Amino acid sequence: MGASPLFYDEPLHLVRGEGVYLYASDGRRYLDCYNNIPAVGHCNAQVVQAIARQASTLNVHSRYVSDNVVEYAERLLGTFGAELDQMIFTCTGSEANDQALRMARMLGRGKGMICTDYTYHGNTEAVSQVSPLFHRARQYFTEVRTIPFPDSYRPLDGLSGDALADAYVAKVQGAIDSFEQAGIGLAGMILCSIFANEGLPTVPPGFLEKATNLIRKAGGLVIADEVQAGFGRTGKMWGHDLMGFAPDIVTLGKPMGNGYPVAALVSRAELLDAFRDKVFYFNTFAGAPVAAAAAGAVLDVIEQQHLLDNARRVGDYIRDGFKRLATRHPLMGDIRGVGLWVGVELVRDRGSKTPATADTAQLVNLLKESGVLISRIGPYDNVLKIRPPLIFSREHADELLDAVDSCIERL
Ligand SMILES: Cc1ncc(COP(=O)(O)O)c(C=O)c1O
């Protein structure tokens with residue numbers, strides 16, 4: 001148990017899930033406002049049946065031709081802009097990012113990768129180097145440079161507007177220059193399209209477009225990590241479309257199979273062909289028929305239940321609800337987010353923006369006691385992290401808002 005990082009002061013022992021609810025071993029029901037993997041609902045019947053049907057028909061590794069794998073790949077690629085027209089399957093988001101780093105380092109101008117200073121992209125040797133969020137101590141890696149993540153609430157040097165975006169872009173230029181001076185050269189930049197692990201900051205307008213153009217001009221590749229942002233979380237299928245930048249590589253995972261381990265990397269044929277010229281990429285379980293069946297059923301449900309639209313509408317409804325609560329609770333310093341991803345930054349004082357870290361931890365635990373599951377994130381661990389399954393309704397949102405309202409009173 002000691003090695004498993006479990007949530008909450010008193011860990012939860014869950015035995016069943018259904019829709020947006022989770023059930024504990026004592027029979028207690030919890031509203032799940034946290035889990036983004038069961039995007040189309042816990043134990044969704046369509047996904048479960050698709051997995052069972054395929055597992056009882058053909059369940060082999062990925063070295064044969066399977067119609068459902070090819071059909072899924074074509075369908076998935078159809079959701080991207082025309083440029084992004086090829087993909088490879090992986091089993092996890094970490095693997096997808098690992099291959100993305102390999103591609104950038106093989107096809108970019110050098111080996112240097114840029115990431116933000118408070119991010120997580122996965123757990124392999126290479127990917128953990130661009131994941132400072134989970135470093136126990138500040139670590140330095142020769143081929144990695146971190147830049148401050150773009151944030152309008154706690155802005156760099158107190159700037160705003162274009163000046164703020166340009167100040168963050170200058171940090172990107174600084175990292176590129178530093179790689180050149182060290183003789184390392186630039187491979188590219190990896191970033192989560194919505195900076196989910198950074199605490200979902202409001203990105204200064206213009207930053208992403210300018211920063212990604214700069215990377216490309218310097219001969220690097222832009223990797224959009226859509227492991228959290230993808231598959232409709234933002235109200236658009238892909239976060240980079242919402243955020244207005246064009247990546248060379250996109251990585252996917254988490255909600256792709258609604259809990260079945262399937263992930264992917266999407267890029268341009270020209271880049272993937274050049275990569276394959278240099279390496280033989282093979283992955284036993286990735287892109288096998290059962291994975292494709294699960295992933296295909298997820299796309300079916302997203303389309304049939306209009307979940308992108310739902311993410312936009314219910315997400316806005318939750319943010320509006322929090323803004324109303326903020327008029328009574330000064331603890332709520334900033335309310336932000338996109339689609340069904342809501343961040344609420346808690347502060348001791350709105351003027352000084354002193355992080356209310358202890359209150360945030362207590363609130364998350366009180367909410368659990370009252371039957372609502374959320375978490376917290378951000379460099380000060382003071383941002384309420386709310387990203388429920390995409391089938392979340394206004395009624396569920398009201399349940400969440402009422403619980404937050406009464407738990408804050410108890411702090
Ligand atoms: C943005 C992001 N990328 C990648 C990963 C790694 O994905 P996985 O745990 O499937 O390897 C995570 C996991 O939390 C993530 O949040």
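Among residues other than GLY41 with Cβ under 10 Å from its Cβ, the summed charge is -2 (Lys and Arg +1, Asp and Glu -1). Here the range 52-119 has an Rg and Dmax of 16.1, 47 Å, counting Cα atoms alone.
What the Cβ-Cβ distance of HIS135 and ASP177 gives, at R0 = 25 Å and to the nearest 0.05, is a FRET efficiency of 0.55. All other residues with a Cβ under 15 Å from the Cβ of ALA292 taken together, and with Lys, Arg as +1 and Asp, Glu as -1, what is their net charge? For residues surrounding ALA292, the net value is -1.
If the chain linking ALA246 and ASP402 were pulled fully straight, counting 0.36 nm for each residue of separation and taking away their Cα-Cα distance, it would gain 52.2 nm. Estimated translational diffusion coefficient (Stokes-Einstein, Kirkwood radius over Cα pairs, 25 °C, 0.890 mPa s) of the chain: 112 µm² per second. Length gained on full extension, GLN305 to THR284: 4.3 nm, using 0.36 nm per residue less the C-alpha separation.
Remark: the range 15-170 projects, on average over all directions, an area of 15.1 nm² (convex hull of Cα atoms).
Annotation: extensible slack from THR357 through ALA170 equals 64.3 nm (criterion: 0.36 nm per residue apart, minus Cα-Cα distance). The label-point distance for TYR8 and VAL60, in a model that sets each label 7 Å from Cα toward Cβ, rounds to 4.5 nm. Taken over the range 166-232, the alpha-carbon convex hull comes to 98 cubic angstrom per residue.
For q values of 0.31 Å⁻¹, compute log₁₀ I(q)/I(0) with the Debye formula on a Cα-only model of the range 144-192, without solvent. With no solvent term, the Cα-only Debye profile gives -1.15. Between LEU77 and ARG16, the modelled label-to-label distance comes to 4.3 nm, taking each label 7 Å out from Cα in the direction of the beta carbon. Peptides 97-106, 157-166 ranked from most to least packed, by the mean per-residue count of other Cβ atoms within 10 Å: 97-106, 157-166. When each full DSSP H helix of the chain is screened for a Cα extent of at least 24 Å along its own axis and an average Kyte-Doolittle hydropathy of at least -1.0, the helices passing are 161-181, 307-326. Over the chain, Cα pairs under 8 Å with separation of 6+ residues give a relative contact order of 22 percent. Modelled this way, with points 7 Å down the Cα-to-C-beta line, the labels at ARG28 and LYS323 are 3.4 nm from one another. For the peptides 53-62, 365-374, residues were scored by their other Cβ atoms within 10 Å and the scores averaged per peptide; the highest-first order is 365-374, 53-62. Packing around the peptides 246-253, 107-114, taken as the average count of other Cβ atoms within 10 Å per residue, puts them in this order, highest first: 246-253, 107-114. The residues packed around PRO155, meaning those with a beta-carbon under 14 Å from its beta-carbon, carry a net charge of -3 if Lys and Arg are +1 and Asp and Glu are -1.
What separates the Cα centres of the range 269-345 and the range 176-218 is a distance of 21 Å.
For the range 214-257, the residues whose backbone nitrogen is under 20 Å from a point 7 Å from the Cα of GLU270, taken along Cα to Cβ, are 214-224, 245-251.
Where a number appears in this text, it was derived from the coordinates with a stated rule and is not lab data. No experiment lies behind these values; they were computed from the predicted model shown. Positions of Cβ are generated from backbone atoms using ideal geometry, with glycine treated the same way; all protein chains shown enter the neighbour counts.
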